[in-house]
Structure formats: C-alpha cells, structure tokens
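Undergrad: Okay, here's the structure, questions in a sec.
The values are calculated or read from the model by the stated rules, or taken from the named source; none is laboratory data. Given the structure is predicted, the values throughout are model-derived calculations rather than measurements. Neighbour counts run over all protein chains shown; Cβ positions are idealised from the backbone, glycine included.
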Amino acid sequence: EAGVVQSPRYKIIEKKQPVAFWCNPISGHNTLYWYRQNLGQGPELLIRYENEEAVDDSQLPKDRFSAERLKGVDSTLKIQPAELGDSAVYLCASSQDRVRFFGPGTRLTVL
Amino acid sequence: QKEVEQDPGPLSVPEGAIVSLNCTYSNSAFQYFMWYRQYSRKGPELLMYTYSSGNKEDGRFTAQVDKSSKYISLFIRDSQPSDSATYLCAMSAPNQFYFGTGTSLTVIP
C-alpha cells in the first residue's frame, strides 16, 4: 500500500516569494493534516481536513498561509509571501481513525 | 504544563543495549498512544500504537502504557545502529492529538 506522498521534497526560496506544497494521502483516508516541524521539535498542527472541509485551522497563520483540498483527496498548502521564520519541514499526514500516517515532508529554506 | 512531556536526550547507548524511552502526560482523556521513529530528513514513521493500558510487543520493540501513572514507555531490545533516530511519542483523544518533542537516540557500533 502506498504511503502519503508529498512534493517537492526540498524547496529553497528567497523571502517574500510564494511557495506551494502538494500532498496525496493514503487511499481511503478521509482525514488529512498539514503539520510544521522545526528543528528539534515535535510536529505542530497547522490544519485538519475532513474530506473537503477544513475542520480545524486555528493554528494556521491566515495572513500568509492558505490550504485547499478541493476534491477531498489531494491537498495543497501555500505560503505567500514567505518569511525567514517559515523555514521548517512541512509534513502531511492522513488517517482513517485516531492513528496518523506521515509523508516524508517538504524541507523549506527561506533565504 | 505541556500536555505531553518527553525527555529530549540525547541518548547514546552501545549496540546490543536495552533502550527505554518514556513520556508522561496530564490528560486522562487520552486513549491512543503511539510511538513514531523519525530519521534525519524524513517524516515520522509509525512504529507502534496501543489503545488504552497494557503492553504491546513487535519484534524487538515493546510499548507499555500505564494510565494510572499517566506514563508510557517504548523499550528496544538488542539495539542496533539502524535504530539511531529521533523517537516521538504521541497521544490522542477525540479531537485531540499531541506529540512529545522527541528523544534523539544514537546506538554506537
């Protein structure tokens, strides 16, 4: 069974530029999550989707971050404009029950 | 007080040693308890999960949950250099999910 797929794996951009990350969850998993992980820390939830609906986006910095999951499968997370402090690993996860499965992440470096 | 506390280490052990990794928590509503392994530059990989209290064994790995003490452990027997990674505990209840900060483990050949 294929796991959670993310792309790109690495992204380097200059500050104030836009960036987008893509995620394809495990087939059949209705719940999709975006997390951000800083070095030496555990992942922090940004947003949770149940099918197409964002049911928890309380931790998403809405002034510059946006996300969508139009058909209830793939999802995109966007940052515009990026700031230096956005450098981190962005993880996508999916679940069918209480256990979450993670993708490999996208390592973002903002210069 | 954080929902989940985990000693960040780093922990360094010789090959073949028994490793004990631990987390404590404060929320008695947690029902699922998970351990993830994360290699450098990779996403967290689910190792094991347990529902409620008790022990669960999978090969060299044993997960223990003591809900009365709000304490969970992961034991690794006969540790190998390939076990060198960061280990994250995680816990969930309805509409709640929390990670520990992770413990960095190095197994020295």
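Undergrad: Taking A:Ser58 as meeting all but one of (1) modelled with pLDDT of 95 or more; (2) out of contact with any strand residue (DSSP E or B) (no Cβ under 7 Å at 6 or more places or on another chain), write down the number of the exception.
TA: Unmet condition: (1).
Undergrad: Please pick out the residue among B:Glu57, B:Glu5 that is charged (D, E, K, R) and either under 30 Å from A:Arg9 (Cβ atoms) or in contact with a strand residue (DSSP E or B) (Cβ under 6 Å, 6 or more places away or on another chain) (or both).
TA: Values: B:Glu57 fails: either under 30 Å from A:Arg9 (Cβ atoms) or in contact with a strand residue (DSSP E or B) (Cβ under 6 Å, 6 or more places away or on another chain) (or both).
Of the residues listed, the single one that is charged (D, E, K, R) and either under 30 Å from A:Arg9 (Cβ atoms) or in contact with a strand residue (DSSP E or B) (Cβ under 6 Å, 6 or more places away or on another chain) (or both) is B:Glu5.
Undergrad: Taking the stated definitions as given, is A:Tyr35 aromatic (Phe, Trp, Tyr) and more than 10 Å from the chain's Cα centre (by Cα)? Steps first, please.
TA: Details: aromatic (Phe, Trp, Tyr): yes; more than 10 Å from the chain's Cα centre (by Cα): no.
No: the conditions fail for A:Tyr35.
Undergrad: Of the residues in segment A:62-84, how many are exposed (fewer than 14 other Cβ atoms within 10 Å of the Cβ), over 13 Å from A:Ala20 (Cβ atoms) and either in contact with a Leu (Cβ under 8 Å, 6 or more places away or on another chain) or touching a residue at least 12 places away in the same chain (Cβ under 8 Å) (or both)?
TA: Result for segment A:62-84: 4.
Undergrad: All but one of (1) within 30 Å of A:Ile26 (Cα to Cα); (2) at pLDDT 95 or above hold for B:Thr50, so report the exception by its number.
TA: (2)
Undergrad: Of the residues that sit in segment A:90-111 and are over 9 Å from the mean Cα position of the chain (by Cα) and of a type in the set (A, V, I, L, M), which one is modelled with the lowest pLDDT?
TA: So the first thing to find is which residues in segment A:90-111 are over 9 Å from the mean Cα position of the chain (by Cα), and the list is A:94-104, A:107-111.
Of the ones still in play, those that are also of a type in the set (A, V, I, L, M) are A:99, A:108, A:110-111.
Details: A:Val99: 83, A:Leu108: 97, A:Val110: 97, A:Leu111: 96.
Residue satisfying both the conditions and the ranking: A:Val99.
Undergrad: Is one or more of the residues making up segment B:73-87 under 18 Å from B:Glu15 (Cβ atoms), more than 14 Å from chain A (Cβ to nearest Cβ) and touching a Gly at 6+ places or on another chain (Cβ under 7 Å)?
TA: yes
Undergrad: Restricting attention to segment A:25-39, which residues are part of a loop (DSSP other than H, G, I, E, B), farther than 14 Å from A:Val55 by Cβ and in contact with a strand residue (DSSP E or B) (Cβ under 7 Å, 6 or more places away or on another chain)?
TA: Looking only at segment A:25-39, we keep the residues that are part of a loop (DSSP other than H, G, I, E, B), and these are A:25-30, A:38-39.
Pick out the ones that are also farther than 14 Å from A:Val55 by Cβ and you get A:25-29, A:38-39.
Hits for segment A:25-39 are A:Pro25, A:Ile26, A:His29, A:Asn38.
Undergrad: Pick from segment A:55-84 the residues that are away from chain B (no Cβ under 14 Å) and among the small types (Gly, Ala, Ser): which of them is nearest to A:Tyr10 (Cα to Cα)?
TA: A:Ala82
Undergrad: If you don't mind, another one. With the structure loaded, tell me whether A:Glu44 is out of contact with any strand residue (DSSP E or B) (no Cβ under 6 Å at 6 or more places or on another chain) and either more than 21 Å from A:Ala2 (Cα to Cα) or surrounded by fewer than 17 Cβ atoms within 10 Å (Cβ to Cβ) (or both) or whether it fails that test. It would help to see each step written out before you state the result.
TA: Numbers: out of contact with any strand residue (DSSP E or B) (no Cβ under 6 Å at 6 or more places or on another chain): no; either more than 21 Å from A:Ala2 (Cα to Cα) or surrounded by fewer than 17 Cβ atoms within 10 Å (Cβ to Cβ) (or both): yes.
No, not satisfied.
Undergrad: Hey, another quick one. Consider segment B:88-106. How many of its residues are within 14 Å of chain A (Cβ to nearest Cβ), of a type in the set (S, T, N, Q) and either out of contact with any Gly (no Cβ under 6 Å at 6 or more places or on another chain) or in a loop (DSSP other than H, G, I, E, B) (or both)?
TA: Residues flagged as within 14 Å of chain A (Cβ to nearest Cβ), of a type in the set (S, T, N, Q) and either out of contact with any Gly (no Cβ under 6 Å at 6 or more places or on another chain) or in a loop (DSSP other than H, G, I, E, B) (or both) within segment B:88-106 amount to 4.
Undergrad: Select from segment B:21-62 the residues that are within 23 Å of A:Gly103 (Cα to Cα) and more than 12 Å from chain A (Cβ to nearest Cβ) and write down the one among them that is surrounded by the most Cβ atoms within 10 Å (Cβ to Cβ).
TA: Checked segment B:21-62; the qualifying residue surrounded by the most Cβ atoms within 10 Å (Cβ to Cβ) is B:Phe61.
Undergrad: Under 6 Å by Cβ, and 6 or more places apart or on different chains, what pairs join a residue from segment A:85-103 that is over 23 Å from B:Thr50 (Cβ atoms) and more than 7 Å from chain B (Cβ to nearest Cβ) with one that is of a type outside the set (Val, Ile, Thr) and surrounded by fewer than 18 Cβ atoms within 10 Å (Cβ to Cβ)?
TA: A:Ala88/A:Asn38; A:Val89/A:Arg107
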